Amino acid sequence: MAISKDKKREILAKIDSALAEASSIAFVGFKGLTVADSSAMRKELKNDAVKYFVAKKTLLRRALERKGYAGALPELPGEVAMAWTSEDATAPARGVYEFGKKLKGALTLLGGMFEGSFVDQAGITAIATIPPVPVLRGIFVNVINSPIQGMVIALDKIREKKEAAA
């Protein structure tokens, strides 16, 4: 079904505003996705402040070319959507990746845009496996705490030896 020029302008404006606010974008390929699955995914992504929009590839390419990101635009076969956020840069890729594991092949990461340049499928999948910021902070605190904890245990063992000797 053909889209009118006014509708195309409206879609381009939506894509342009998404590109302006996005800290990262994940291009999503979907095939055989049911309405129920799509709604559940959108709801889950919305909880992480990720927006999701399905657009025609030609309009998406046109908007991306006008924006002028570095690198080559990844190949976008089949039906394409974009997920983006202005907050946690890894959230769009991670959200789609996690939901795609549940659906077994209905969703795939095709590529994306991260820190002002295009990323291929392997790159965006690697980004998707990065834990969220609160988990990273917890890991960091644990790494810092580990030597201190080791020292406390060693001092306690020394104390136990001295008490046993006395």
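Every read-out reported here was derived from the displayed coordinates using simple, explicitly stated rules and does not represent laboratory data. What you are looking at is a predicted structure, and each value in this text was computed from that prediction instead of being measured. Backbone-built Cβ (ideal geometry, glycine too); neighbour counts: all protein chains shown.
May I ask for log10 I(q)/I(0) of the stretch 42-121 at q = 0.14, 0.15, 0.23 Å⁻¹, from a Debye sum over the Cα atoms as equal point scatterers with solvent left out?
Log10 of I(q)/I(0), two decimals: -0.46, -0.53, -1.26.
Please compute the contact order of the chain in relative form: average sequence separation of alpha-carbon pairs under 8 Å and at least six residues apart, divided by the residue count, as a percent.
27
Given the options LEU107, LEU60, LEU136, which has the most mean-square fluctuation in a GNM of the chain, springs set between C-alpha atoms less than 10 angstrom apart?
Taking springs between Cα atoms under 10 Å, the residue moving most is LEU136.
What is the gain in length, in nm to one decimal, between LYS43 and GLU10 on full extension, counting 0.36 nm per residue of separation less the C-alpha to C-alpha distance?
Here the answer is 9.5 nm.
With +1 on each Lys and Arg Cβ and -1 on each Asp and Glu Cβ, and nothing else charged, work out how big the dipole of the stretch 78-152 is about its Cα centre, in Debye to the nearest 20.
Once rounded to the nearest 20, the dipole reads 300 debye.
Trypsin sites (Lys or Arg not before Pro) within the stretch 25-64: which are DSSP loop residues with at most 11 other Cβ atoms inside 10 Å?
Qualifying residues, ordered by number: LYS31.
If one computes the Cα centroid of the stretch 142-159 and of the stretch 30-57, what distance in Å separates the two points?
Centre-to-centre (Cα) distance: 47 Å.
So how much slack lies between GLU115 and GLU79, counting 0.36 nm per residue of separation and subtracting their Cα-Cα distance, in nm?
Value of the extension gain: 10.5 nm.
Please report the orientation-averaged projected area of the chain, defined via the convex hull of its C-alpha atoms, in nm².
Value for the chain: 13.5 nm².
Amide H neighbours of VAL80 under 5 Å, counting only residues 5+ apart in sequence or on other chains, H built in-plane at 1.01 Å?
ALA55
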